[in-house]
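Participant: What follows is a structure written as structure tokens; I'll ask about it next.
Every number in this text was worked out from the coordinates using simple rules, so none of it is lab data. This structure is a prediction, so every number in the text was calculated from the model and none was measured. When we count neighbours, we look across all protein chains shown, and the Cβ atoms used for this are built from the backbone with ideal geometry, even at glycine.
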């Protein structure tokens, strides 16, 4: 591998890592803060991608309006879901939530089939971002991918700010450590969780919408990202926004270079990495914080 | 020590007696179908030992199942029928061996991390059979000659296999029931509730957990062996996380902490699937069977915190408006 | 002498009576066809098209094949090989179907073939291209109306070698279908003087292609041969285009790369050449008739190769049943009839090999707008080698 | 049991525990003798619970040495120490609420059984653990509650059960972390009587906030402030110790 190819592969790895982070971010929130093992996370991602497809005609094909509309709908969806399905589960065994989210996967997948059908769809990126940049002697790089990477970084910074600098972030962090304590301080934990859940869903949906022009839209797409998202969150350390960020980049690099250097084992590499990291650091790379 | 209350004992006797009599009234397919469910029930029991009784949520049970199944195919001679007398223990041992390896490492982690490490090791096993020619790759491999033992116990006959499976289902259930009231089982129960307390009392908890993990893996391998013999075909999808997930769903649906929960869960989960898939009932909407299944599961979570095993309680409460304790755990 | 003659007459009469009685009985009882196709998951649309195609032919024949009414039963195979044996057992043993039609996923079809072989049930495979089905697993009662993975690959290898391409790179998912397609491609490409400088692959169903595209750019081959389908195909073509490789390193593939996916690929596939046993704008009357009938019967649905495969599965069954007067139990006669027949398919006429795989023309097609327009016949009457099939 | 040379069962020497830069325990030495109740008092965060965790083996100290019954136990795991006569109770209840009182104690006693792998015998028929459990329950005064689920006991009874579970392992040294926390007057009296009874055959370390009780029952008191021992003496001496008064009792 010559230097320029190596650098391009690094860019690929970085870009894939950021995309992974984008998809896993919502999961970190819900999983890390509320302790809910949300199997339906992939479904929210899928819903986002299909929203990008289905909502576009309603707003005249404007990509940015679609994004905004999608996020608004997602917040409402998350809020309602938490109210309807999760609010009474916190005092029960965690595994009850697993069962609940599994049920939701099935329901969402079928609703998608009934409402939108089972075809594969492509989404065009907006005009402004549709171009490509030259890279190396014969390759080019799509601007839209860079745009998505930029959005990931923006969101990451935004999350970091909310968590470490705002009162809401502090309440959320406290709530993740000790639910009773926060309640005794007079904070409405029910409301707090509802906000976190809605935010998690909204981020997953946003990830789906942003990724749709890159990944295209097809049945079963949610299941594919689900497990790798859990891997990212767990490697990073549950509840750690920063950890998820680095873990996503790590997986990005391992996956990219694994495919090139050890293609026979590329499928299993991420899992080997996770196993090794957890045996070395049983609580992930970064503890919650 | 689960004191077998009379209600539970009656339920179990009826349940197993029903299974024993079922082939008398069932057609060929019915026998096949229930054999499959019984295999899943054995598998669910193996997971129930870990999740319900030690509190170890293993998300990689399919790997042990798959190793048992692949073992049955790969260890069988190409051109003749093997004797299950050695093949079955070999498959169980193979699965248990992998469980020893996985357990020894993954038990260093806790909680969600444990869930994910077991998943990781299962995925490794999955990719080994998926991406290498060892097990026939993605299309899987066939078991051409099903194992037998002379002509007396020929497992290629559906009815023989049915009773063979039933015997092992009963055996697994009884084995686990006895195990759970022994010193070993009681220690596991203590570890599930408060491992720190157990350490302070002088229990080396790690070997206990590891032993439970290996036992569970071995039983899953037994189920895998039976599955390979039943289908005569194994495929990497038998090791996929979807199956591990479905198993967890079964035991949660049935009711965690009770061996019967695993039985009920396995039967209920597969019956529900068949029910919603049925053309006869749902017509053309049957293709959206996942919707019905999903909604049923959600309703179960919302209404039955203890799983289906809490259903009699729930009905009783609705009818008489008072709480009846049928599932007292301890004496 | 007289007695002997009387005996003969009596024998003949009773045989005729028996035959007509049994024919009468057969007439009364419909033939049950069991569809084992995906109704959930990634392949749902393909399953629907196959079912539609099959039913279209049957309804064109007035709902009867070989003089008997056709009745349908369905089971969702979920594209899960672990459940395949049970699902087909359900059709055969519980629903008591006479014929099974399925499926899309190769691993599932492999399991089905085994059960069909053991139970001697008629099986028509309307898509899955696993070579084993008409190779080591072939049987007198198993037929395929589609293709073997090897076929389009082989045809494309010839075409690319003829175009003067010397160095090629292949890329696919690491699974049986991809491997077989690449094998077919290599068989003909290297025979005709080409060289495959690298086989790239990634785990199924991973769709993060960027690393491998960079690898292709670094290797600078004359061309790339690929096998992807469904959502992966859409993304691969779009990524290939976006990476700027489309104009510099021509991309060729098995036809699934652009089948049913052109709309989603949104113009990025324009001009892409692929090989398959079906194409748009085939100038034959059968295809025109099929297309208009399909569009009338199923509103809003575009006929595609999967529908054709379903349609032809029904045709093949029809030919067999016609020869046995609707008696499904006469499998030898049924198979002989199908083997002898020339099937008038929308894809053009084809025959069935001894191993029961179509011997068919593979077309070179070019993506234009939302159609894969035929360019030429890439390989005439191409037969799968059917390695390992004892029926050959 | 009074002998000329004190019967030291557990001894910690120069134990230091650092968490990063923070020193939680600074060169603490402590010796527990049979027949005495040794109380450790101090403000919240003084390091009392950390000390118990170190002595019982839950935490390995940064520096220092621990001897149990005359053997160097510094590197011993918690279960190993427990098997060599060390029992501890927790500040928060660690009873198994679904189990009966009897089963709670029997399970703890089971740790001493030597063949735990025999999976076919009913654990409740195990004579060794059953008799240990019964005697522990009697000692702790819970005989009447034997068959009740532990979760349904009163708070005081739960604390008694906590001690009974310790006793069931037949320990010689008892490390008790706030056994009186949250108790009413009557319950406290019962617990103090129990501790007085136990003292004859055990060496007891008592971490407690209830000063009246401590001064009534302890034979020796160690006062910790910010991880260090500032005084260690008889209750009377401690009461009159000026340092202690300013640092701790004065604020009381």
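Participant: Counting only the backbone N, which residues of segment C:110-150 are under 18 Å from the spot 7 Å out from the Cα of residue C:332 toward its beta-carbon?
Facilitator: Within reach of a label on residue C:332: C:120-122, C:139-142.
Participant: Given the -39500 (n - 2.57) contribution per DSSP H run of 4+ residues, what per-residue ellipticity at 222 nm results for chain B, rounded to the nearest 500 deg cm²/dmol? Mind showing how you got there, number by number?
Facilitator: Details: 14 runs with 234 residues, N = 331.
My calculation for chain B gives -23500 deg cm²/dmol from helical runs alone.
Participant: Report relative contact order for segment C:87-159 in percent, whole number only (criteria: Cα-Cα under 8 Å, sequence separation at least 6). Write out the running numbers ahead of the final one.
Facilitator: On the way: 105 pairs, mean separation 19.6, N = 73.
Taking the mean separation of contacting Cα pairs over the length of segment C:87-159, I get 27 percent.
Participant: Among A:39-48, D:67-76, how do they line up by average Cβ neighbours within 10 Å per residue, starting with the highest?
Facilitator: A:39-48, D:67-76
Participant: Would you mind calculating the gained length between residue A:114 and residue A:166 on full extension (0.36 nm times residue separation, minus the Cα-Cα distance), in nm to one decimal? All intermediate terms of the calculation are to be shown ahead of the outcome.
Facilitator: On the way: separation 52, 0.36 × 52 = 18.72 nm, distance 4.19 nm.
So the extension gain works out to 14.5 nm.
Participant: Still on this structure: Percent antiparallel among DSSP beta bridges with both residues in segment C:31-107, to the nearest 5? Don't skip to the answer; put the middle values down first.
Facilitator: Working: 2 of 12 bridges.
Around 15 percent antiparallel, to the nearest 5.
Participant: Can you tell me the 0 to 90 degree angle between the C-alpha axis of helix D:127-140 and the longest principal axis of chain D, rounded to 10?
Facilitator: Orientation of helix D:127-140: about 50 degrees from the principal axis.
Participant: Further, regarding this structure: Kindly work out what percent of the DSSP beta bridges joining two residues of the protein assembly as shown are antiparallel, to the nearest 5.
Facilitator: 50
Participant: Averaged over its residues, how many other protein chain Cβ atoms are within 10 Å of peptide B:252-260's Cβ atoms? Present the calculation step by step, with values, prior to reporting the outcome.
Facilitator: Details: counts 8, 3, 0, 0, 3, 2, 0, 0, 0.
Partner-chain Cβ atoms within 10 Å, mean over residues of B:252-260: 2.
Participant: With r as the distance between the Cβ atoms of residue B:313 and residue D:245 and R0 = 60 Å, compute the FRET efficiency 1/(1 + (r/R0)^6) and round to 0.05.
Facilitator: 0.50
Participant: While we're looking at this one, here's another question. Taking Cα pairs under 8 Å and at least six residues apart, what relative contact order does segment B:6-289 come out at, in percent? Could the numbers behind the result be given before it?
Facilitator: On the way: 443 pairs, mean separation 99.8, N = 284.
Reported relative contact order: 35 percent.
Participant: Describe numerically, in nm with one decimal, the distance between label points set 7 Å from Cα along Cα→Cβ at residue D:185 and at residue C:344.
Facilitator: Going from the residue D:185 label point to the residue C:344 one covers 10.9 nm.
Participant: Rounded to two decimals, what ratio of Rg to Rh does segment A:1-123 give with C-alpha atoms and a Kirkwood Rh?
Facilitator: Computed over Cα atoms, the ratio is 1.06.
Participant: Order of A:166-174, A:190-198 by packing, highest average Cβ count within 10 Å first? Mind dumping the intermediate values first?
Facilitator: Working: A:166-174: 15.6, A:190-198: 19.6.
So the peptides A:166-174, A:190-198, ranked by packing, come out A:190-198, A:166-174.
Participant: What translational D, rounded to a whole number of µm²/s, comes out for chain A from Stokes-Einstein when the hydrodynamic radius is the Kirkwood one over Cα pairs, at 10 °C and 1.306 mPa s?
Facilitator: Numbers: Rh = 19.7 Å.
So the translational diffusion coefficient is about 81 µm²/s.
Participant: Say each of residue B:26 and residue D:154 gets a label point 7 Å from the Cα, pointing the same way as Cα to Cβ; how far apart are those two points in nm?
Facilitator: The two pseudo-label positions are separated by 5.7 nm.
Participant: Using a Gaussian network for chain C with springs between C-alpha atoms less than 10 Å apart, which of these wobbles most: C:48, C:89, C:206?
Facilitator: Of C:48, C:89, C:206, the Gaussian network model singles out C:206 as fluctuating most.
Participant: For D:19, B:241, what ranking results if the residue with the fewest other Cβ atoms within 10 Å of its Cβ goes first?
Facilitator: On the way: D:19 10, B:241 20.
Ascending number of Cβ neighbours within 10 Å: D:19, B:241.
Participant: Next question. Over chain B, with a Gaussian network built from C-alpha contacts below 10 Å, which listed residue (B:291, B:12, B:188) shows the highest mean-square fluctuation?
Facilitator: Comparing B:291, B:12, B:188 in the GNM, the peak value goes to B:291.
Participant: With a Förster radius of 45 Å, plug the Cβ-Cβ distance of residue B:153 and residue B:302 into 1/(1 + (r/R0)^6) and report the FRET value to the nearest 0.05. Working shown, then result.
Facilitator: On the way: r = 46 Å, r/R0 = 1.02.
Efficiency computed from Cβ-Cβ geometry: 0.45.
Participant: Report the calculated FRET efficiency for residue A:157 and residue A:128 (r = Cβ-Cβ distance, R0 = 30 Å), to the nearest 0.05. Spell out each step's value before the answer.
Facilitator: On the way: r = 23 Å, r/R0 = 0.75.
About 0.85, to the nearest 0.05.
Participant: Let me ask you something else. Give me the log10 of I(q) over I(0) for segment C:36-176 at q = 0.11, 0.13, 0.19 Å⁻¹, as the Debye formula computes it from C-alpha points; what are the numbers?
Facilitator: Log-scaled intensity ratios, in q order: -0.47, -0.62, -1.13.
Participant: Helix C:44-60 versus the longest principal axis of chain C: what angle, 0 to 90°, nearest 10, using Cα atoms?
Facilitator: On a 0 to 90 degree scale, this one is about 40.
Participant: Once every Cα of segment B:164-293 carries one equal point scatterer and solvent is ignored, give the base-10 log of I(q)/I(0) from the Debye formula at q = 0.18 Å⁻¹, two decimals.
Facilitator: -1.16
Participant: Debye sum, Cα scatterers, segment D:96-189, no solvent: what log₁₀ I/I(0) at q = 0.13, 0.19, 0.21, 0.26 1/Å?
Facilitator: The Debye formula, applied to the Cα set alone, gives -0.43, -0.86, -1.01, -1.38.
Participant: Here is a follow-up. Describe numerically, in nm with one decimal, the distance between label points set 7 Å from Cα along Cα→Cβ at residue D:228 and at residue B:83.
Facilitator: The answer from the label model is 7.8 nm.
Participant: Right, something else. Given all pairs of different Cα atoms, what value in angstroms does the Kirkwood hydrodynamic radius of chain C take? List each step's numbers first, then the result.
Facilitator: Numbers: mean 1/r = 0.0460 Å⁻¹.
Computed over chain C, the radius equals 21.7 Å.
Participant: Can you say what percent of the DSSP beta bridges in chain D, counting only those with both residues inside, are antiparallel? Round to 5. Don't jump to the answer; show the numbers that get you there.
Facilitator: On the way: 21 of 39 bridges.
Given both bridge residues lie in chain D, the antiparallel proportion sits at roughly 55 percent.
Participant: Once both axes come from the Cα atoms, what is the angle between helix D:185-198 and the longest principal axis of chain D, in degrees from 0 to 90, rounded to 10?
Facilitator: Tilt of helix D:185-198: around 90 degrees.
Participant: If packing is taken as the average number of other Cβ atoms within 10 Å across a peptide's residues, how do B:165-176, C:126-137, C:273-284 rank, most packed first?
Facilitator: On the way: B:165-176: 18.4, C:126-137: 25.7, C:273-284: 22.0.
Those peptides, ordered most packed to least, come out C:126-137, C:273-284, B:165-176.
Participant: Tell me, in nm to one decimal, what length is gained between residue D:118 and residue D:18 on full extension, where the rule is 0.36 nm per residue of separation less the Cα-Cα distance? Numbers along the way, then the final one.
Facilitator: Values: separation 100, 0.36 × 100 = 36.00 nm, distance 4.25 nm.
My answer for the length gained is 31.8 nm.
Participant: Quantify how strongly other chains surround peptide C:67-76 by giving the mean number of their Cβ atoms within 10 Å of each of its Cβ atoms. Can you show the working numbers first?
Facilitator: On the way: counts 0, 0, 0, 0, 0, 1, 2, 5, 5, 7.
Neighbouring Cβ atoms belonging to other protein chains average 2 per residue here.
Participant: Using a Gaussian network model on chain B with a 10 Å cutoff between Cα atoms, which of B:278, B:244, B:216 fluctuates the most?
Facilitator: B:278
Participant: I'd like the mean, over residues of B:292-299, of how many other protein chain beta carbons sit within 10 Å of each residue's own Cβ. Please report the intermediate quantities before stating the final value.
Facilitator: On the way: counts 3, 5, 10, 5, 2, 9, 10, 1.
For peptide B:292-299, the averaged partner shielding equals 6.
Participant: Using Cα pairs under 8 angstrom and six or more residues apart, how large is the relative contact order of segment C:150-276, in percent? List each step's numbers first, then the result.
Facilitator: Numbers: 230 pairs, mean separation 35.7, N = 127.
The normalised contact order for segment C:150-276 reaches 28 percent.
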